[in-house]
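This report concerns only the one structure given below.
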Amino acid sequence: MEAKYKQIKQSIKSKILEGLILPHEKISSESELMRQFDVSRHTVRVAIGELVNDGWLYREQGAGTFCADRSQREKSSSTILPNKNIAIVTTYISDYIFPSIIRGAEAYLSEQGYHVSIFNTNNKYEQEQKILIKLLTGNYDGVIIEPTHSASATPNLKYYLNLERANIPYVMINAIYEELEPVYFMVDDVIGGYLQARHLMDLGHQKIACMYKTDDAQGQKRLKGFIKAHRELNIPLDTRNIVTYNSEDQLTKPKKELQRLFKLKEEKPTAIVCYNDQLVLQLMDEVRQAGIKIPEQLSLIGFDDSLLVEISEVKLTSVKHPKNQLGLDAAQAIIQMIKEKEVNQTYDPVSKLYEPELVVRQSTTNPKITT
C-alpha cells in the first residue's frame, strides 16, 4: 500500500497538472489536508516539504503555501542539453504484435544514444493517467504512445495538453485521439477491414459475419471497411452477423456470439472476419468443439499477420501490420522532433498511414465445398 504522504503528493501534483490549481494559487491548508487524507500534521508537512523541494510549490512566510509557476522553470530548462530519455507507452507490452513494435523503435533509439523506458496502460484510462503524470514529472525528451480506448474522447486530455505546454514532443501509434490531431503512425484500418471482407466475397462468400472490438478506433474503422465492401458489391448485410465487443468482455462475448451464429441453421455464416489474429485462435477452439472444419465448412480471417498465424495447424489468412517498421518510423520522427526543438527550429513531421496488404493462407477457401 502506498504511503500516505505519497498519496498527498500525487493528489496535489494531479490537480496542478489538470489545471485545478493554478500558478501562484494558494493550496489547501495543513489542517484541511489532514482532514481530507485522515493523516497527522507531520505526514502533511513531509508531503508539502518534498513538493517544495521538487519545485512544485513554494512557501511565503505568514501567508501559506502556493503553486509554483512551472512554465518559467520549463523555459529556463529548455536550453539545457537533453536528458536522452524517451518513453514508449503501449496498451500492452509482452504479447501479440507489441514486442515487434517496441523492438523496432527501441533498436533505433538505442543507436541514437537514448535510454528507453517502456510502459503499458493495459488499455485502462486510470493507468494511462498515472503514466502521463510520471512522464510530466520525470525527465523525458519525447514520448511514443498508443492511446487507450481510442474510439472515445480521452478523459486525460489535460495531461496531453500539458505535455505540449512542457514542450515534450510525442507521437501516437496504431490510433490517435482525434481531438489532439497528433503526429501519428498507423495502419489504414478502413482499407484493412475492406480487404478482409472483399477477399471472402471474391471467394464467393455471401453470408459473412464479423467480430470487431470497438472501444478502440482500429475496430471501428475495420468495421467501417467491412460494411463498405458489402455496399460496394451490393451484397445484403445481415445485421445478426455483426458482433461488437470491448476490452472488458473480449474473452467471453465473441465465444457466446459464435455459439449464437451456429444456431442460425440455414442462415448461419460461411465465413467470419475477426478483429485480429488473437481472436481467430480463440474462436478456432470453439469451432473444432462444434465439429466444424476449417476452412471447408467455415473460413476465418484475421488481422495483423502476427506470429500466431503459423501456430495453428490451419495457417491463418490475415491482413499485414507493419509492426517493426512502424516502430522504427515513429522513433525516427520523435528523434527529429527533439533535434529541431534543441535548436529552436520549427519542424512539421509527416504522419504515416500504412497501406495494408492481405496475406492469403489456409484458413479461407471457396464456400462451394461447404456442407
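The values are calculated or read from the model by the stated rules, or taken from the named source; none is laboratory data. Keep in mind that what you see is a predicted model, and the values were worked out from it rather than measured. Cβ coordinates were reconstructed from backbone atoms using ideal geometry, including for glycine residues, and neighbour counts include every protein chain displayed. Keep in mind that these areas ignore ligands, DNA and RNA; they rest on the heavy atoms of the full protein, side chains included. Shrake-Rupley method; radii C 1.70, N 1.55, O 1.52, S 1.80 Å.
Observations on the model:
- Set side by side, the residues VAL116, VAL190, VAL171, VAL143 differ, and just one is part of a helix (DSSP H, G or I) and either open to solvent by less than 20 Å² (accessible area, probe 1.4 Å) or closer than 27 Å to GLN332 by Cβ (or both), which is VAL190.
- Residues in the range 20-53 that are touching a residue at least 40 places away in the same chain (Cβ under 8 Å) and either of a type in the set (D, E, K, R) or open to solvent by 40 Å² or more (accessible area, probe 1.4 Å) (or both): 7 in all.
- Residues in the range 95-111 that are over 29 Å from GLN250 (Cα atoms) and open to solvent by 60 Å² or more (accessible area, probe 1.4 Å): GLU106, SER110, GLU111.
- Unmet requirement for ILE242, which otherwise passes all of (1) open to solvent by less than 10 Å² (accessible area, probe 1.4 Å); (2) more than 19 Å from SER318 (Cβ to Cβ): (1)
- Every residue from the range 277-324 that is part of a loop (DSSP other than H, G, I, E, B), out of contact with any Leu (no Cβ under 7 Å at 6 or more places or on another chain), polar (S, T, N, Q) and surrounded by fewer than 21 Cβ atoms within 10 Å (Cβ to Cβ): GLN297
- Breaking point among (1) open to solvent by 10 Å² or more (accessible area, probe 1.4 Å); (2) within 24 Å of LEU223 (Cβ to Cβ); (3) in contact with a Ser or Thr (Cβ under 6 Å, 6 or more places away or on another chain), for VAL183: (2)
- Hits in the range 326-370 - residues which are open to solvent by 80 Å² or more (accessible area, probe 1.4 Å), farther than 19 Å from ILE102 by Cα and either touching a Lys or Arg at 6+ places or on another chain (Cβ under 7 Å) or modelled with pLDDT of 95 or more (or both): GLU355, GLU357, VAL360, GLN362
- Qualifying residue in the range 222-229 (condition: open to solvent by less than 20 Å² (accessible area, probe 1.4 Å) and either modelled with pLDDT under 95 or part of a loop (DSSP other than H, G, I, E, B) (or both)): no
- From the list HIS42, HIS24, the lone residue that is at pLDDT 90 or above and in a loop (DSSP other than H, G, I, E, B) is HIS24.
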